[in-house]
Amino acid sequence: MSTVAFMTLGCKVNQFETETMEGLFKRAGYTIGKFDEPADAYVINTCSVTSLGDRKSRQIIRRAHRENPDAVIAVCGCYAQTAPEAIQSIEGVSVVLGTKERSRIVEYVEQAMREKTQVVNVTDVMQAKTFEDIPLYDMPERTRAFLKIEDGCENFCSYCIIPYARGPVKSRKPIHIREEAEKLVKAGFREIVLTGIHLGAYGRDLAPIALADGTMRKITLADACREVLAVGGLKRLRLGSLESLELSPELFELIRTDERFCAHLHLPLQAGSDQVLHDMNRHYDTAEFARLIENVEREVPGIAVSTDIIVGFPGETEELFADGLAFVERMNFSRMHVFPYSRRSGTPAAKRKDQIPEPVKKERVHRMQALADRKAREFHEQFLGRTMRVLFETTKDGITDGLTDNYIRVYTDSPVTSGELYEVHIEKLYKDGVWGQVV
Ligand code: SF4
């Protein structure tokens, strides 16, 4: 029996796609091995969202080949899609696939094994019009299940390479979402996290449905959520990253009224200055964003709003950066991911002459991160002394951690079972979250 090992870089969509590929290999009779142990084939699912993602992808490919010179090395994902020639030229690479064609990965790996040749199949992702629907043949080894329901993005934010790596919006059919969610709940998952590259665009490419009165209605993310919520036994539904403007009243109503809907939204702000947002080709301003968050916080008390911020975007003066800091100070973000701007060749922002020097970016990341840490602490402090439901995940050195529905990481030394929900009394701040005891 052959062994295949996987390495995933990047986002939750990539993690999900790796899990589906693992299922395909298992169904074909392979054993899934560890990446740092000998295997017959290695699959590296790459990321290209920053230049660091590209570099890490190259390093991992080289390491896999150095340590296992006879193994087949298959490379797929966003970096392979946007720079196939660069991947092909790395010594030891046997298979190159982009962000499509993964449903045939077993076939390509076996062809490379048999013929001892390099197999390349990176097709024009801009022509892909339908969701590559690979059912889950194996259950992921985690406590929260990711379920990918959408691929592609047409927003073309001026800094982002992803629309070129993933192509246009492609949505999974509602019926298939229900089927996959049923499998996951049956396998014992308490929480499903819906993911996509541009999740809020879900349904845009699907045919509208005819209503009883003869009118037509578009399918939206709210429909996808209802499919999952219809599955008996599901305890929690969480949404992956969502553009703020796409939080529709219908979706918001579901969050407000269905207690299984996690009180957590990840809404990427990206910049806290209107000038920078405009230059990024984001289609909102800070006032709109703030109004939306205020409304969300008023209607769903205790909800967590987490966000992403890019600092050092071309043309970001010290004044514009200060605007960003001031805006973030006003907001009640529960968690922030702060990134330095990364120049992605082929994007409009990469062509700008007013790039910010690396040391300046680094210093701004540091200042924004310090603010993010304080904001997170302030958010966590609101919950000290309360009892919250926690889905526990991993145990290390006698301490288990898990998440509340509003995405606070809770640590405990109470005896708990991974994958189960417990009521926990929150006692104090601890690491990146809080410490509590099961009640
Ligand atoms: S919405 Fe913008 S940042 Fe997000 S994937 Fe699309 S282009 Fe990239």
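Take Asp432 and decide whether it is outside the structural domain of Val328 (by TED's automatic domain parsing), in contact with a strand residue (DSSP E or B) (Cβ under 7 Å, 6 or more places away or on another chain) and surrounded by fewer than 20 Cβ atoms within 10 Å (Cβ to Cβ).
yes
Restricting to segment 39-68, count the residues that are open to solvent by 60 Å² or more (accessible area, probe 1.4 Å), outside any helix (DSSP H, G or I) and at pLDDT 95 or above.
1
Test each condition in (1) open to solvent by 40 Å² or more (accessible area, probe 1.4 Å); (2) more than 23 Å from Arg66 (Cβ to Cβ); (3) more than 23 Å from the chain's Cα centre (by Cα) for Gly29 and report the one that comes out false.
Failing condition for Gly29: (1).
Does segment 146-177 hold any residues that are part of a loop (DSSP other than H, G, I, E, B) and either of a type in the set (Asp, Glu) or not assigned by TED's automatic domain parsing to the domain that holds Cys225 (or both), and which are they?
Glu154 - this is the single residue of segment 146-177 that is part of a loop (DSSP other than H, G, I, E, B) and either of a type in the set (Asp, Glu) or not assigned by TED's automatic domain parsing to the domain that holds Cys225 (or both).
Which residues, taken from segment 143-199, are open to solvent by 10 Å² or more (accessible area, probe 1.4 Å), away from the ligand (no atom under 12 Å from the Cβ) and among the β-branched types (Val, Ile, Thr)?
Answer for segment 143-199, where residues must be open to solvent by 10 Å² or more (accessible area, probe 1.4 Å), away from the ligand (no atom under 12 Å from the Cβ) and among the β-branched types (Val, Ile, Thr): Thr143, Ile175, Val185.
Output the residue which, of all residues in segment 85-110 that are part of a helix (DSSP H, G or I) and of a type outside the set (D, E, K, R), is farthest from Gln59 (Cα to Cα).
Step by step, filter segment 85-110, then rank; the result is Ser103.
Take the residues in segment 200-239 that are within 16 Å of the ligand (Cβ to nearest atom) and surrounded by fewer than 21 Cβ atoms within 10 Å (Cβ to Cβ); name whichever of them is farthest from Leu403 (Cα to Cα).
Among those residues, the one meeting the criterion is Asp205.
Residues of segment 240-262 being outside any loop (DSSP other than H, G, I, E, B) and either in contact (Cβ under 8 Å) with a residue 40 or more places away in the chain or open to solvent by less than 30 Å² (accessible area, probe 1.4 Å) (or both), which ones?
Ser244, Leu245, Glu246, Leu251, Phe252, Leu254, Ile255, Arg256, Phe261
Being open to solvent by 60 Å² or more (accessible area, probe 1.4 Å) and either closer than 24 Å to Gly29 by Cα or within 16 Å of the ligand (Cβ to nearest atom) (or both) is the filter here, so list the residues in segment 114-126 that pass it.
Once the filter is applied, which keeps residues that are open to solvent by 60 Å² or more (accessible area, probe 1.4 Å) and either closer than 24 Å to Gly29 by Cα or within 16 Å of the ligand (Cβ to nearest atom) (or both), segment 114-126 yields Arg114, Glu115, Lys116, Thr117, Gln118, Val120, Met126.
Considering only segment 321-330, I want to know if a residue exists there that is within 16 Å of the ligand (Cβ to nearest atom), touching a residue at least 40 places away in the same chain (Cβ under 8 Å) and surrounded by fewer than 19 Cβ atoms within 10 Å (Cβ to Cβ).
No, that holds for no residue.
Could you count how many residues in segment 379-395 are closer than 30 Å to Glu141 by Cβ and among the acidic types (Asp, Glu)?
Of the residues in segment 379-395, 1 are closer than 30 Å to Glu141 by Cβ and among the acidic types (Asp, Glu).
Checking the conditions here, which among Arg256, Arg260 is modelled with pLDDT under 95, of a type in the set (Lys, Arg) and more than 18 Å from the chain's Cα centre (by Cα)?
Arg256
Six or more apart or on different chains, Cβ atoms under 6 Å: show the pairs whose first residue is in segment 335-360 and in the same structural domain as Asp54 (by TED's automatic domain parsing) and in contact (Cβ under 8 Å) with a residue 60 or more places away in the chain and whose second is surrounded by 17 or more Cβ atoms within 10 Å (Cβ to Cβ) and acidic (Asp, Glu).
Correct list of pairs: empty, since none qualify.
Would you call Glu180 over 16 Å from the mean Cα position of the chain (by Cα) and assigned to a helix (DSSP H, G or I)?
Yes: the conditions hold for Glu180.
Given (1) crowded, with 20+ Cβ neighbours inside 10 Å; (2) more than 16 Å from the ligand (Cβ to nearest atom); (3) of a type in the set (Lys, Arg), where does Lys129 come up short, assuming only one miss?
(1)
Looking only at segment 386-412, count how many residues are open to solvent by 60 Å² or more (accessible area, probe 1.4 Å) and without any contact (Cβ under 8 Å) to a residue 24 or more places away in the chain.
3
Collect the residues in segment 169-205 that are β-branched (Val, Ile, Thr) and touching a Gly at 6+ places or on another chain (Cβ under 7 Å), keeping them in residue-number order.
Residues satisfying the conditions are Val169, Val185, Val193, Thr195, Ile197.
Which numbered condition in (1) under 30 Å from Gly433 (Cβ atoms); (2) assigned to a helix (DSSP H, G or I) is the only one that Ile309 fails?
(2)
The values are calculated or read from the model by the stated rules, or taken from the named source; none is laboratory data. Values in this document were obtained by computation on a predicted structure and should not be read as measured data. Positions of Cβ are backbone-derived with ideal geometry, glycine not excepted, and every protein chain shown enters the neighbour counts. The area values use the complete protein model at the heavy-atom level, side chains included, leaving out ligands, DNA and RNA. Shrake-Rupley method; radii C 1.70, N 1.55, O 1.52, S 1.80 Å.
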